[in-house]
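Colleague: Structure provided below as structure tokens; questions to follow.
Nothing in this text is a laboratory measurement; each read-out follows from the coordinates by a stated rule. Note that the structure is a prediction, hence the values are computed from the model and not measured. Don't worry about glycine lacking a Cβ; one is built from the backbone with ideal geometry, like all the others, and counts go over all protein chains shown.
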Amino acid sequence: MLTLACAVCGGGPDPARGSYIVMSIIISLLPLAMLGGILAWVIISARAAEAAPQKTDDGGLPS
Amino acid sequence: MSSTATPEASGHSHDDGHGHDGHAHGHAEQNFFLKYFWSTDHKIIGFQYLFTGMFMALIGGFAVYAFRMQIAFPGMSVPGYGRVTATDYNALVTTHGSVMIFWVAMPVLIAALGNYLIPLMIGADDMVFPRLNRLSYQLFLLSIVVLIASFFVQGGAFGGAWTSYPPLSAKPEYNLTPLGAPMWLVAVALEFAAFLLGGINFVTTLMNSRAPGMKMFDVPIVIWMIVIASILFMASVGPLVAGAIMLLFDQTVGTGFFDPKKGGDPVLWQHLFWFFGHPEVYVVLLPAMGIVAEVITTFSRKKLFAYKTVIYTAVGTGALSFFVWAHHQFIAGIDPRMANIFSVTTLLISIPVAEMVFVYIATLFGGSIRLTTPMLWALAFIGEFLLGGVTGIFLGSSGADIYFHDTYFVIAHFHYTFFPIAFIAVFAAVTYWFPKMFGKYMNEAWGKVHFWGTIIPFNFIFIPLFLLGARGDHRRIYDYTHFPDLMKPGMQDLRVLATLSLVVLLAFQVVFLVNYFYSAFKGPKAEANPWKANTLEWQAPSPPPHGNFPEGLPTVYRGPYEYSHPDRQDDHWPQNSPS
Amino acid sequence: MDATLDPARSPAPTPRTRRQVVPSAVLGTLFFVVAEVMLFSGMISAFTISKAGALPGMWPMPGQPRLPAEATALNTVLLLLSGVVLFVSQRLFQKKSPVAHWVTLAAWALGASFVALQGVEWTALLASGLTLTSSPLGSFFYLIVGGHALHAVGALLALGWAWLQMARGKLSPGFFFGTQTFWYFVVLMWPVIYARVYF
Ligand code: HEM
Ligand SMILES: [Cu+2]
């Protein structure tokens, strides 16, 4: 607990300090959870697209 | 916006049937204005960002010149500026910091290189949402107009440092810039909106526009890095925007979000700021790492050592970067339990960064290295950045940081990281892709003069600052002669040395600018693939025409770093060559 | 462009639109939504911390009105319902059902009534003395709930446009799916705000 050597550490009312910690944890995990969700969705869609027969979507190009 | 009337309609709609960004087919001739200022072509937008970033670098460079002269020679009339008052000093420091980070590093590393390189390197003809892309640049330009206007309003430019901590930033009675402060905030917010749009484009383009045959693990590292960085940016910027709105309300309508007298909490801003602020340093670091990967593989004719590891490492760094921000607040009154956690995560994050550096050194090992100008920059990046990373570990130990915080040690630390990122790596990129961008060569000899003229003074600026910081030299002081403790023998000499080195460094940038613009017009003609590189942009003509690949979009057969393959005579093996 | 394709080099001309692994409009909107969710979590966490740090008896400040949690419950139901109805309309749209646009309009109307009721609530609160600067609770209330209302209005504009185009039979699926994704964000963000701020 070296940090306690610092005079300004540990200021503020206790409930606020607890809620700082809780909010820090939530707000740090939230983006990872959301990005993980998008990643999973993309991977599942890519797998599904690979399994499905090639549906060429060539924007109506004359062939 | 009508999709048929605009003459820039490119004839390459990615989005047929998907609405808001599809546009009509056709090849109307474009006049100069429409071509260079109203274009949706990703290369033009890349150039717009690049040149705007260069212009902003001049502003940031001028600001640092003025305030460093004041530090070295207090009270002097600075040639080209005049006397620097205390208010000026604060405004100049703030302008320097925010311009270099938000209007130079971000636009050049992410927006300019991302726009220019992503479609070319993944074999596409443009971005998925070209008009969103144009809007992104326009917002960015608007942000600059607001910022520059704020220099001239009553009270002058904002002077509360790039971190804009309340209460100083929140109250006009304290900062004395009733207009400058809110304008600064608005400019930053506009800039973020611009990069949000850009980032959306980058991610979607990488997902949905890769050339046929190009798997995710055939994508060059620099593209991976730019896209991961954009994702990091998008996921971290929200809380800062929330804080910015709250701060704007505090400044203008008199709410008290950050005012303890009204039940607010100033430390809250620091959390919201650094929640973005630390991921932000990785947002600029990752693209720089990517540039270095491209340059060192090309000029050592070797496959990148551990391609996939680099990508996983970058993803891991990105994930970890959400858990370190409070290391900027160790002595701001945060809970000691929190300081301990953040100390540990901060030390942890140096591991993946170090690993990337090791991978690059392993790539160089045993290669046939050619010391061209871009290669020199790339090698210098590795060496100089290492020093920045290592000193970060000192600061990340909460105990040591009680001493180091707000000293010049911190300044030297982050300049040893930011300067390599925003300038050394960018010079590597600019010189490496110059033949592609302009179809011309830059002058190698002058390139090397510029290299040495930048690297040597750079170290002579910041090693003195490390020494000063270790002696307790506080940052954010206008005139040290008022502080006998900070005027001990030798300290002022170090300040003068740093300032004079800065002047030399700035002078050598003229060499670059002349070389760059002269070569762009008058340089010797370059072939399409002068460095014999594998990635797709080099397989397009130089400079690439509208639509990028006139012979049809390429098909990809292999990864980007197949140099010196044992079964081949040629030492390179383009990604799109069938055999 | 077509003329420059050399048939000998690429036997099947490169498709102009590549296969989208996931629809570009949805993917783009999702990343935008990630940024937006983080924006609101920034504000909500700031609210939570300020509330926890308030001196005893100061939250809400004496003399300041209570937030109308019960009346807002009805709003919340309307908004959630609008999300469900929009989901149904998407199904119908994909089946090319002729009534799809009426269902979309219903979703829009539910969303619009949410915004209208919020407006009524605001005027009542302002009249009883809760303003942006009257107390920290007031500041946060207008910041967060107002921010959400702005997003709702923006999303309703886009959704209204989507309805118009759908009724004319000219709606591009990309625009619809993007707008829809954003509307789901507006709908799902609200219960979180409601639960945190009103109680
Ligand atoms: C190895 C990884 C790194 C570690 C462990 C680290 C650690 C730290 C710590 C603990 C501080 C706070 C010092 C203080 O204010 O007392 C700090 C400041 C800073 N670092 Fe780093 N850092 C690292 C990498 C980077 C990188 C890559 C960049 C830039 C691209 C960077 C940019 C900054 C900046 C801008 C500041 C100071 C901001 C300010 O107060 O104005 N750091 N670093
Ligand atoms: Cu940091």
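Colleague: According to a simple spin-label model (label point 7 Å from Cα along Cα-to-Cβ), what is the distance in nm between residue B:358 and residue B:470?
Modeller: If labels sit at residue B:470 and residue B:358, their model points lie 2.6 nm apart.
Colleague: Here is a follow-up. Within straight cross-link reach of residue C:51, meaning Cα distance under 26 Å, which lysines are found once same-chain residues fewer than 8 apart are removed?
Modeller: B:171, B:261, B:262
Colleague: In the stretch C:166-199, what trypsin sites (Lys or Arg not before Pro) fall in a loop by DSSP, with at most 14 other Cβ atoms inside 10 Å?
Modeller: Of the trypsin sites (Lys or Arg not before Pro), the ones in loops of the stretch C:166-199 whose Cβ has at most 14 other Cβ atoms within 10 Å are C:168, C:170.
Colleague: Under the definition of partner shielding as Cβ atoms of other protein chains within 10 Å of a residue Cβ, what is the mean value for peptide B:207-219?
Modeller: 3
Colleague: I need the chymotrypsin sites (Phe, Trp or Tyr not before Pro) found in the stretch B:121-201, filtered to DSSP loop residues with at most 13 other beta carbons within 10 Å of theirs.
Modeller: B:152
Colleague: Still on this structure, please answer the following. What 222 nm value per residue comes from the helices of chain B, counting each DSSP H run with n ≥ 4 as -39,500 (n - 2.57) and dividing by all residues, nearest 500 deg cm²/dmol?
Modeller: Roughly -20000 deg cm²/dmol at 222 nm, from the helical runs in chain B.
Colleague: May I pose another question? Which Cα, out of B:388, C:103, B:66, lies furthest along the positive dipole direction of the protein assembly as shown (beta carbon charges, K/R +1, D/E -1)?
Modeller: C:103
Colleague: Still on this structure: Taking the Cα centroid of the stretch B:351-368 and of the stretch B:397-422, what is the distance between the two, rounded to the nearest whole Å?
Modeller: So the separation of the two Cα centres works out to 24 Å.
Colleague: Restricting to Cα pairs below 8 Å that are 6+ residues apart, what does the relative contact order work out to for chain B? Please round to a whole percent.
Modeller: 15 percent
Colleague: Straight-line reach from residue B:302: which lysines fall under 30 Å, measuring Cα to Cα and dropping same-chain residues less than 8 apart?
Modeller: Excluding near neighbours in sequence, the set is B:43, B:215, B:436, B:440, B:448, B:525, B:532.
Colleague: For residue C:150 and residue C:91, what does the FRET efficiency come to when R0 = 30 Å and r is the distance between their Cβ atoms, rounded to the nearest 0.05?
Modeller: That gives a FRET efficiency of 0.55.
Colleague: Mind checking which lysines have their Cα closer than 19 Å to the Cα of residue C:95? Skip sequence neighbours fewer than 8 apart in that chain.
Modeller: The reachable lysines, counting only those whose Cα sits under 19 Å from residue C:95, are A:55, C:170.
Colleague: What does the charge dipole of chain B about its Cα centre add up to, to the nearest 20 debye, if the Cβ of each Lys and Arg holds +1 and the Cβ of each Asp and Glu holds -1?
Modeller: About 740 debye.
Colleague: Only four residue types carry charge here, +1 at the Cβ of Lys and Arg and -1 at the Cβ of Asp and Glu. Report the dipole size of the protein assembly as shown about the Cα centre in Debye, rounded to the nearest 20.
Modeller: 440 debye
Colleague: To continue, here is another question. Please name whichever of B:455, B:214, B:37 sits farthest to the positive end of the charge dipole of chain B, dipole taken about the Cα centre and charges placed at Cβ: Lys and Arg +1, Asp and Glu -1.
Modeller: Farthest along the dipole direction, towards plus: B:455.
Colleague: Using alpha carbons only, how many degrees (0 to 90, rounded to 10) separate the axis of helix B:408-419 from the longest principal axis of chain B?
Modeller: Helix B:408-419 sits roughly 10 degrees off the main axis of chain B.
Colleague: On C-alpha positions alone, give me the angle between the axis of helix B:42-72 and the longest principal axis of chain B, in degrees, nearest 10.
Modeller: Once rounded, one gets 30 degrees.
Colleague: With a ≥ b ≥ c taken as the square roots of the eigenvalues of the C-alpha gyration tensor of the protein assembly as shown, please select rounded if a/c is under 1.5 and otherwise prolate if a/b is larger than b/c or oblate if it is not?
Modeller: Oblate is the answer for the protein assembly as shown, as a/c is 1.5 or above yet b/c matches or exceeds a/b.
Colleague: Calculate, for residue B:487 and residue C:77, the FRET efficiency according to 1/(1 + (r/R0)^6) with r their C-beta to C-beta distance and R0 56 Å; round to the nearest 0.05.
Modeller: After rounding, the FRET efficiency stands at 0.20.
Colleague: Determine the calculated [θ] at 222 nm for chain C from helices alone, applying -39500 (n - 2.57) to every DSSP H run no shorter than 4 residues and normalising by the residue count; nearest 500 deg cm²/dmol.
Modeller: Helix-only estimate at 222 nm: -25500 deg cm²/dmol.
Colleague: Let me ask another. Considering only B:566, B:517, B:541, whose Cα is most displaced toward the positive end of the charge dipole of the stretch B:482-579, charges sitting on Cβ of Lys, Arg (+1) and Asp, Glu (-1)?
Modeller: B:517
Colleague: Using the 2.2 N^0.38 Å rule of thumb for compact globular proteins, work out how the stretch B:201-343 stacks up: its C-alpha Rg over that value, please.
Modeller: Against the empirical 2.2 N^0.38 Å value, I get 1.35 for the stretch B:201-343.
Colleague: Which FRET efficiency value, to the nearest 0.05, do you get for residue B:36 and residue A:14 by plugging their Cβ-Cβ distance into 1/(1 + (r/R0)^6) with R0 = 45 Å?
Modeller: 0.15
Colleague: Give me the orientation-averaged projected area of the Cα convex hull of the stretch B:384-498, in nm², one decimal.
Modeller: 8.7 nm²
Colleague: For the stretch C:61-96 and the stretch C:118-137, what is the centre-to-centre distance using only Cα atoms, to the nearest Å?
Modeller: Using only Cα atoms to place each centre, the spacing works out to 21 Å.
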